[in-house]
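A.B. asks: Structure in structure tokens, see below.
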Amino acid sequence: MKRRKLLLGAVSLMASAALVTGCGSTTAATPTPTEDPSGTITFWSPLAGMDKVAAAFNASQSKIKVNFETVPNGSGGGYAKLSTAVTAGNGPDVATIEYPQLPQFVSNGQLQPLDGLINKSATVDKLKDETKSLVQFGDKTFALPYDAAPMIMWYRKDMLDKAGVGVPKTWDEFEQAGKKLKAVAPDSFLASFNPNEASLTGALAWQAGAKWFGTDGESWKIGVNDDPTQKVASYWQKLIDQKIVKVQQSFSDEWSADLASGAVVGVLGANWSATGIQKRTEASGQKGQWIAAEVPNWGTPSDAFYGGSTFNITKSSKNPAAAAKFIEYLATNSDAIKARGNTGSAFLAFPGLTPVAQRAYDASYFGNDIYSVFDKAYSTITPGWQWGPNWDITNTALKDAYGKLTTGGKITEAVDTAQTATVAGLKQNGLSVKE
């Protein structure tokens, strides 16, 4: 098996990325764009409401027909299904892939670059650099981003008031707020640490200035346990040890019950957390008590993405020109946002689309203007982060190690384990790696 070749180049003025073409595979050449594309294409997505968007696109014109298929989300096997189908040559024309997994599909040569197919000045060039850098590798664009998802801290404001504290601005203030909460409500936790959300560890490390994946010459440089990450790991371990935060699976029955009862009074999430919080707490009479806040920082306002999806053209697409037209509609057209309707507190990457989504969502459940918080958080995204060529390795290693947190395991040990597993896994895949 030939060693994968590293493709080096500028992603933006602020960051660089390198990806590796998979063993025995090659990235498809950019097709010649069609002025007026036509034909039938397929679209796979796990996102709710995308069937309505596909139908709206079909009704808006007569040359391109989109056949939509709902697929499981990534953790439910959606990515495995997509990878298998593309490799077999019968994948969809357009797929939905989250930011952390995108480089893996690019690395494996399973996506076509959008260059020459999309109107870059009307799409990619309008994006913020921090978002653009997540979809560009080398000198090519492989996706259009859909939503932007800066980390957001959600609090029960009434419980902060009971503890006599304001909204924490720094992580030190967060710890102090947790101690004061325990003093007045001994059975309550300020937030949870979710061992099933390895990407949240990535976001916290990103915010702190970590660089998990980078390049050094012709090699990948891996730093899953670098100094900023160790700082984050030690900090959250301290919160666990002090019983300020509770170790529990996010979206579990236990987590839902704790939010409803007030046993957990904070959620470290993103804009998309609003719907879930409301669903789990409104029966308990908590309307108006929850607020959104910028995530605490290490001394300077900063943030990172936690989640977010992109739209792509797969290698198996036989009609990339038509697929590109549809992707532009999905990611940049206000009619697509209107067609999707109310699917929660969407915060979108393309300028001007969030207000359209905002009108579809009733945010009156919350005690403050959550969208102004989203805007502020988005303005402080730390530049320079990139995801690696195989997030599955790191993701699995962290989750496995986090499974020991309730039986004596430590977060610091988990990131060390993930570092070792990531390096070994990439080397096994034929990549040159430096630590």
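A.B. asks: If the cut-off is 22 Å between C-alpha atoms, which lysines fall inside it for LYS179, apart from same-chain ones fewer than 8 positions away?
C.D. replies: By straight Cα distance, LYS179 reaches LYS157, LYS162, LYS169, LYS231, LYS238, LYS243, LYS246, LYS410.
A.B. asks: Separate question: Please list, in order along segment 411-416, the HN-Hα scalar couplings obtained from phi with the Karplus expression 6.51 cos²θ - 1.76 cosθ + 1.60 (θ = phi - 60°), rounded to whole Hz, x for Gly and Pro.
C.D. replies: Those phi angles translate into 4, 4, 5, 5, 6, 5 Hz.
A.B. asks: Considering only protein heavy atoms, with the full assembly of protein chains and a 1.4 angstrom probe, order GLU282, GLU175, GLU218 by accessible area, largest first.
C.D. replies: Details: GLU282 95, GLU175 15, GLU218 120 Å².
Largest to smallest exposure gives the sequence GLU218, GLU282, GLU175.
A.B. asks: Counting heavy atoms of the protein chains only and a 1.4 Å probe, report the per residue accessible area for segment 173-277 as a whole number of Å². It would help to have the intermediate numbers written out before the result.
C.D. replies: On the way: 3540 Å² over 105 residues.
Computed with neighbouring chains in place, this is 34 Å² per residue.
A.B. asks: Work from the charge dipole of segment 122-230 (Cβ charges, +1 for Lys and Arg, -1 for Asp and Glu, about the Cα centre) and give the residue of VAL165, TRP220, PHE193 farthest towards its positive end.
C.D. replies: VAL165
A.B. asks: In straight Cα distance, which aspartates and glutamates are under 16 Å from LYS81, not counting same-chain residues fewer than 8 positions off?
C.D. replies: List returned: GLU69, ASP93, GLU98, ASP392.
A.B. asks: When only C-alpha pairs under 8 Å and at least 6 residues apart count, what is the relative contact order of the chain, in percent? Don't skip to the end; give the middle numbers.
C.D. replies: Details: 880 pairs, mean separation 111.6, N = 435.
Computed value for the chain: 26 percent relative contact order.
A.B. asks: Ordered by residue, what ³J(HN,Hα) values in Hz, to whole numbers, does segment 345-357 give under the Karplus form 6.51 cos²θ - 1.76 cosθ + 1.60, where θ = phi - 60° and Gly and Pro are x?
C.D. replies: With coefficients 6.51, -1.76 and 1.60, one gets 7, 5, 10, 9, 6, 7, x, x, 8, 4, x, 5, 5 Hz.
A.B. asks: Name the shape class, rounded, prolate or oblate, that the alpha-carbon gyration tensor gives for segment 60-198, where a ≥ b ≥ c are the square roots of its eigenvalues, rounded holds for a/c under 1.5, and otherwise prolate holds if a/b is larger than b/c and oblate otherwise. Present the calculation step by step, with values, prior to reporting the outcome.
C.D. replies: On the way: a/c = 2.86, a/b = 2.21, b/c = 1.29.
Prolate.
A.B. asks: Specify the inter-centroid distance of segment 349-364 and segment 81-135, based on alpha-carbon positions, in whole Å.
C.D. replies: Cα centroid to Cα centroid, the span is 24 Å.
A.B. asks: Most mobile of GLY202, GLY77, GLY49 per a Gaussian network model of the chain (Cα springs, under 10 Å)?
C.D. replies: Fluctuation is largest for GLY77.
A.B. asks: Show that you can apply the helix-only estimate: for the chain, add -39,500 (n - 2.57) for every DSSP H stretch of four or more residues, divide by all residues, and state [θ] at 222 nm to the nearest 500. Don't skip to the end; give the middle numbers.
C.D. replies: Details: 16 runs with 162 residues, N = 435.
Helix-only estimate at 222 nm: -11000 deg cm²/dmol.
A.B. asks: Among all the lysines, which ones have a C-alpha under 25 Å from LYS338's C-alpha, if same-chain residues fewer than 8 places away are not counted?
C.D. replies: Excluding near neighbours in sequence, the set is LYS52, LYS63, LYS65, LYS120, LYS126, LYS128, LYS132, LYS279, LYS325, LYS376.
A.B. asks: To continue, here is another question. Name the long-range amide H neighbours of THR42: under 5 Å, sequence gap of 5 or more, or other chain; modelled H, no Pro or chain starts.
C.D. replies: So THR42 has HN proximity to ASN67, ASP93, VAL94.
A.B. asks: Just check segment 367-435 against the gyration tensor rule for me: Cα atoms, a ≥ b ≥ c as the square roots of the eigenvalues, rounded for a/c under 1.5, and otherwise prolate or oblate depending on whether a/b exceeds b/c. Before the final figure, lay out the partial values.
C.D. replies: Numbers: a/c = 3.28, a/b = 1.54, b/c = 2.14.
Oblate, because a/c is 1.5 or more while a/b does not exceed b/c.
The values are calculated or read from the model by the stated rules, or taken from the named source; none is laboratory data. Note that the structure is predicted; figures quoted are calculated from it, not measured. Backbone-built Cβ (ideal geometry, glycine too); neighbour counts: all protein chains shown. For the accessible areas, the whole protein counts, side chains as well, though only heavy atoms, and no ligand, DNA or RNA atoms are used. Shrake-Rupley method; radii C 1.70, N 1.55, O 1.52, S 1.80 Å.
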